[in-house]
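Here's the structure, in structure tokens; my notes come after.
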Amino acid sequence: MNDFLRLLADEREIIGVGLRYARALDSKDYDTLVSCFTEDAAWGVGDSQVSGHQAIVARASSVLNHLDASQHVTTNFEVAVDGDRGIMRSYYLATHVSHTNPVEPHFVVAGVYHDELIRTPAGWRLRSRVLTTWWQTGDPSVLGSAFSAIAQGS
């Protein structure tokens with residue numbers, strides 16, 4: 001495969017990791033979620049990052065398991081590849097729904113993901129995903145007690 005085609009294939013696979021991540025969150029498929037990350041990956045918001053598959057699943061499930069639904073939309077992918085390392089910047093819009101919330105059933109948060117990826121024998125994986133929130137609306141208590149840990153991103 002020539003260099004240009006290899007670069008296109010790498011970019012497509014990296015974007016695919018971001019899309020698979022969103023699908024895994026919304027379907028609460030934690031096996032697929034951890035397949036997006038290296039075993040020692042860091043994930044979260046600023047100083048509230050967790051590391052490793054078990055911690056990532058614990059954090060995600062603490063938010064998602066009590067929701068009626070969520071929808072994570074990712075877009076505006078910017079990818080740069082340098083050999084077996086890559087970076088990606090993309091936007092997210094995450095809607096969380098809990099019909100048992102007496103105040104407001106929705107909490108929406110939007111921002112940007114900053115990712116570092118590496119090529120592994122199993123394909124591209126996130127080594128780090130840092131979430132930065134640009135805005136939010138609705139009732140943050142929809143996220144339950146986990147809100148304090150991830151209120152600035154999802």
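The values are calculated or read from the model by the stated rules, or taken from the named source; none is laboratory data. If you're wondering where the values come from, they're calculated on a predicted model, not measured in any experiment. Here the Cβ is made from the backbone with ideal geometry for all residues, glycine too, and neighbour counts use every protein chain on show. Protein only, heavy atoms only, side chains kept; ligands, DNA and RNA dropped before computing areas. Shrake-Rupley method; radii C 1.70, N 1.55, O 1.52, S 1.80 Å.
Hey, any hits in region 144-153 for a residue that's modelled with pLDDT under 95 and in contact with a Leu (Cβ under 6 Å, 6 or more places away or on another chain)?
Going residue by residue through region 144-153, those that are modelled with pLDDT under 95 are 144-153.
Within this subset, residues satisfying the condition of being in contact with a Leu (Cβ under 6 Å, 6 or more places away or on another chain) are 153.
Yes, because at least one residue in region 144-153 is modelled with pLDDT under 95 and in contact with a Leu (Cβ under 6 Å, 6 or more places away or on another chain).
Take region 82-104 and flag every residue that is surrounded by 18 or more Cβ atoms within 10 Å (Cβ to Cβ), of a type outside the set (G, A, S) and closer than 15 Å to S128 by Cα.
The first filter runs over region 82-104 and keeps only residues surrounded by 18 or more Cβ atoms within 10 Å (Cβ to Cβ), leaving 86, 88, 90, 92, 94-96, 98, 101.
Keeping just the survivors that are of a type outside the set (G, A, S) gives 88, 92, 95-96, 101.
Across region 82-104, the qualifying residue is only M88.
Could you list, ordered by first residue, the pairs with Cβ atoms under 9 Å in which the first is in region 58-80 and modelled with pLDDT under 95 and part of a helix (DSSP H, G or I) and the second is open to solvent by 60 Å² or more (accessible area, probe 1.4 Å) and of a type outside the set (D, E, K, R), at least 6 apart or interchain?
S62/S145
Anything in region 5-15 that is touching a residue at least 12 places away in the same chain (Cβ under 8 Å) and either touching an Asp or Glu at 6+ places or on another chain (Cβ under 6 Å) or not acidic (D, E) (or both)? List them, or say none. Working first, answer last.
So in region 5-15, the residues touching a residue at least 12 places away in the same chain (Cβ under 8 Å) come out as 7, 10-11, 13-15.
Matches in region 5-15: L7, I14, I15.
Can you tell me which residue among D31, D10 is crowded, with 17+ Cβ neighbours inside 10 Å and not in a strand (DSSP E or B)? I'd like the intermediate steps shown before the answer.
On the way: D31 fails: crowded, with 17+ Cβ neighbours inside 10 Å.
Result: D10 is the single residue among D31, D10 that is crowded, with 17+ Cβ neighbours inside 10 Å and not in a strand (DSSP E or B).
Does at least one position in region 39-49 carry a residue that is within 30 Å of N2 (Cβ to Cβ), surrounded by fewer than 17 Cβ atoms within 10 Å (Cβ to Cβ) and at pLDDT 95 or above? If you could, list the steps in order and put the result at the bottom.
Residues of region 39-49 that are within 30 Å of N2 (Cβ to Cβ), as a first pass: none.
Scanning region 39-49 turns up no residue that is within 30 Å of N2 (Cβ to Cβ), surrounded by fewer than 17 Cβ atoms within 10 Å (Cβ to Cβ) and at pLDDT 95 or above.
Could you please let me know if V79 is open to solvent by less than 70 Å² (accessible area, probe 1.4 Å) and within 17 Å of I15 (Cβ to Cβ)? Break it down into steps so the answer makes sense when it comes.
Numbers: open to solvent by less than 70 Å² (accessible area, probe 1.4 Å): yes; within 17 Å of I15 (Cβ to Cβ): yes.
Criteria met by V79.
Considering region 63-84 alone, what residues qualify as being of a type in the set (S, T, N, Q) and closer than 19 Å to H99 by Cβ?
At the first step, the residues of region 63-84 found to be of a type in the set (S, T, N, Q) are 65, 70-71, 74-76.
Across region 63-84, the qualifying residues are N65, S70, Q71.
Given the criteria assigned to a helix (DSSP H, G or I) and in contact (Cβ under 8 Å) with a residue 60 or more places away in the chain, does G18 qualify? Working first, answer last.
Values: assigned to a helix (DSSP H, G or I): yes; in contact (Cβ under 8 Å) with a residue 60 or more places away in the chain: yes.
Here the answer is yes, as G18 does meet what is asked.
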